[in-house]
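**Student:** A single structure is presented below for examination.
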Amino acid sequence: MEPVTSVEGRAIPFGAKNVDTDVIIPAAWLKTISREGLGEGAFETIRAQDGNVFDDPEYAGAPILIAGDNFGCGSSREHAAWALLDMGVKVVIAPSFSDIFAGNAFKNGILTVALPQKQIDRLMEVAESDPVTVDLETQTVTTPFQDRFTFEVDPFRKHCLSEGLDEVGLTLERDAVITDYEQRAQADMPWLANKKTQSEGKAA
């Protein structure tokens, strides 16, 4: 997973409230286990409307999405996070998020930033014409107009996102400790290793 430190660029001024995961990625797209290609189906029902913000060339490849309250509610489908990633979205800013969606986003390297509605409204205004910067290190969202909004983030999630660590990466961080434990366990409890050898022999 790619590290998230500072993300700067155009922000999609979506702003809709109570957007559930079926809107983010419709059920018809859930037949795949691949993370690639889901961006094509992201917000499909909204993209069917003329003049929608997602198909506006001005926001093509935008790394930031600005949404409304309770973003990502509904089902627990992780495909929603995959679809956003495939669109190129690395940060979602909203007043609040579904807990499950926020967890899925974090596990896939997407930073969710919760800000008060007044600040969301300001960012929506700026996003119409100018870029937005989200800095995870300083936990700030800034604009070219000297706006500076601070946000909270769990220290563990901040560490994982900054270092690009998913669950496998976290395990590998402890590789030396795990290896040391296994070596000590084998020395202290050799009968466990013998049982494993016997079991493998029977299976063969």
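**Student:** Among the residues of the range 79-98, is there at least one that is among the acidic types (D, E), at pLDDT 95 or above and under 23 Å from S34 (Cα atoms)?
**Tutor:** yes
**Student:** Quick test for you: out of A48, A28, pick the one residue that is modelled with pLDDT under 95 and over 19 Å from the mean Cα position of the chain (by Cα).
**Tutor:** None of the others qualify; the one that does is A28.
**Student:** I would also like to ask the following. Considering only residues that are in a loop (DSSP other than H, G, I, E, B) and of a type in the set (A, V, I, L, M, F, W, C), which ones fall in the range 1-20?
**Tutor:** M1, V4, F14, A16, V19
**Student:** Residues that are farther than 25 Å from I25 by Cβ, under 16 Å from the mean Cα position of the chain (by Cα) and assigned by TED's automatic domain parsing to the domain that holds G15: find the helices (runs of 4 or more DSSP H) completely inside the range 85-173 holding 2 or more of those.
**Tutor:** In the range 85-173, the matching helices (runs of 4 or more DSSP H) lie at 155-163.
**Student:** Next question. Check L84, L115 and return the single one that is in contact (Cβ under 8 Å) with a residue 40 or more places away in the chain and of a type in the set (A, V, I, L, M).
**Tutor:** When all the criteria are applied, what remains is L84.
**Student:** Another question, if that's okay. Tally time: how many residues in the range 138-166 are out of contact with any helix residue (DSSP H, G or I) (no Cβ under 7 Å at 6 or more places or on another chain) and either of a type in the set (D, E) or over 22 Å from G103 (Cβ atoms) (or both)?
**Tutor:** 10
**Student:** Now for a different question. Give me the residue from the range 7-36 that is of a type in the set (S, T, N, Q) and under 17 Å from A67 (Cβ atoms) and, out of that set, most open to solvent (accessible area, probe 1.4 Å).
**Tutor:** For the range 7-36, the residue satisfying everything is N18.
The values are calculated or read from the model by the stated rules, or taken from the named source; none is laboratory data. Quantities reported herein were computed from a predicted structural model and do not represent experimental measurements. Note: ideal-geometry Cβ built from the backbone for every residue, glycine included; neighbour counts use all protein chains shown. Quick note on the areas: whole protein, heavy atoms, side chains included, nothing else; ligands and nucleic acids left out. Shrake-Rupley method; radii C 1.70, N 1.55, O 1.52, S 1.80 Å.
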